[in-house]
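Written out below as structure tokens is the structure these notes cover.
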Amino acid sequence: MRSSAVEFRLGLSATLVVAAFLIGPVIMSMLAGLTRNAFIGVSSGLTLRWVAQVWDLYSDTVWRSLAVALATLAVCLVVGVPAAWALATHRGRLAGVFESLLTLPVAVPGLATALALIVSWGSVGGLRGSVAFIVIGHVLFTLPFMVRAAKASMALAGLATLDEAAATLGASRARRFFDIVVPNAMPGILTGALTVLTLSVGEFNLTWLLHTPLTKTLPVGLADSYASMRLEVGSAYTLVFLLMIMPLLLGLQWFAGRATANGNADPRRAPAVSPALQAREAP
């Protein structure tokens with residue numbers, strides 16, 4: 001009993017130390033954005049002047065980053081979920097090669113991927129100076145995370161057998177996908193969506209090379225503010241960044257947690273089937 005208490009205290013102490021090491025600098029940076037003079041500290045007084053200045057100078061980067069993240073998420077959902085289902089049902093050498101190629105952008109440095117995009121597609125129409133060019137880069141980087149998360153959820157739910165049963169009842173491929181696969185793979189899809197959103201909003205390496213002065217996103221603006229403005233402005237930008245991303249993270253985590261809890265509420269629960277398909281099964 002005493003040994004367990006000692007282990008608990010050691011684990012708690014280690015956790016608090018790591019949390020202080022990781023979270024402490026972020027808190028200090030945010031606090032610097034609310035003080036009149038960061039070098040003097042809180043004793044110089046608190047102010048929202050720097051936050052207002054950041055919003056005046058960089059508010060467009062906040063909305064642009066949010067639009068890029070949502071567009072990236074939409075593309076990853078439309079492309080990644082069907083691709084995950086195809087990989088989950090077709091296990092062969094060709095599928096393995098496709099999955100390896102799919103994860104290649106994660107292994108390659110972001111700057112190299114961005115340079116390859118510029119060389120390949122930078123001269124196509126007005127693509128180079130558009131936000132769509134950044135979205136393409138973000139999709140290449142985040143799509144593997146969506147596919148892996150959705151595929152893992154599909155494999156754990158054992159949906160291949162249920163899909164075959166629905167096919168014998170005459171259900172079309174599209175109907176089986178939307179009525180059986182998507183509802184039962186929702187925990188993995190939401191986890192992938194959370195990953196895609198956070199990676200897209202915070203992505204700097206790809207965006208730094210792909211952006212133009214008219215398509216600057218939030219991370220690039222954050223780096224610019226720290227390089228060319230006062231420390232207080234850069235710190236206030238960090239505060240704005242966290243205020244924008246935290247509601248998204250908490251909301252998606254809540255939805256993913258609810259989906260996982262509903263799926264694990266009864267371990268004997270069969271995979272969900274739509275009422276339409278259940279009616280077809282009735283004699």
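The values are calculated or read from the model by the stated rules, or taken from the named source; none is laboratory data. Predicted, not measured: the structure shown is a model, and the values here were computed from it. Ideal geometry is used to build each Cβ from the backbone, glycine not excepted, and the neighbour counts take in all protein chains shown. Remember, those area values only see protein heavy atoms, side chains included, never the ligands or the DNA or RNA. Shrake-Rupley method; radii C 1.70, N 1.55, O 1.52, S 1.80 Å.
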Requested in this report: Please name all residue pairs, on different chains or six or more residues apart, with Cβ atoms under 8 Å, provided the first residue is in the range 207-225 and is within 17 Å of residue 112 (Cα to Cα) and the second residue is of a type in the set (Val, Ile, Thr) and surrounded by 20 or more Cβ atoms within 10 Å (Cβ to Cβ).
Outcome: 207/134; 207/217; 207/220; 208/220; 210/134; 211/134; 211/217; 211/220
Query raised in the report: Picking from 62, 78, which residue would you name as being at pLDDT 80 or above, surrounded by 12 or more Cβ atoms within 10 Å (Cβ to Cβ) and assigned by the TED database to the domain that holds residue 215?
Result: 62
Requested in this report: Just one of (1) among the polar types (S, T, N, Q); (2) touching a residue at least 60 places away in the same chain (Cβ under 8 Å); (3) open to solvent by 90 Å² or more (accessible area, probe 1.4 Å) trips up residue 43, so point out which.
Outcome: (2)
Report task. Given the conditions (1) open to solvent by 50 Å² or more (accessible area, probe 1.4 Å); (2) assigned by the TED database to the domain that holds residue 212, report the number of the one that residue 17 does not fulfil. Result -> (2)
Query raised in the report: Between residues in the range 169-196 that are surrounded by 19 or more Cβ atoms within 10 Å (Cβ to Cβ) and residues that are of a type in the set (D, E, K, R), which pairs lie under 7 Å by C-beta distance while being six or more apart or on different chains?
Result: 176/163; 180/163; 181/163
Query raised in the report: Quick one: is residue 55 of a type in the set (Phe, Trp, Tyr), more than 30 Å from residue 143 (Cα to Cα), touching a residue at least 40 places away in the same chain (Cβ under 8 Å) and open to solvent by 30 Å² or more (accessible area, probe 1.4 Å)?
Result: yes
Requested in this report: Would you mind listing the helices (runs of 4 or more DSSP H) fully within the range 47-151 where at least 1 residues are touching a Lys or Arg at 6+ places or on another chain (Cβ under 8 Å) and of a type outside the set (D, E, K, R)?
Outcome: 49-89, 110-121
Report summary line: Residue set 234, 221, 251, 257; condition within 30 Å of residue 162 (Cα to Cα), at pLDDT 65 or above and of a type outside the set (Asp, Glu); output residue 257
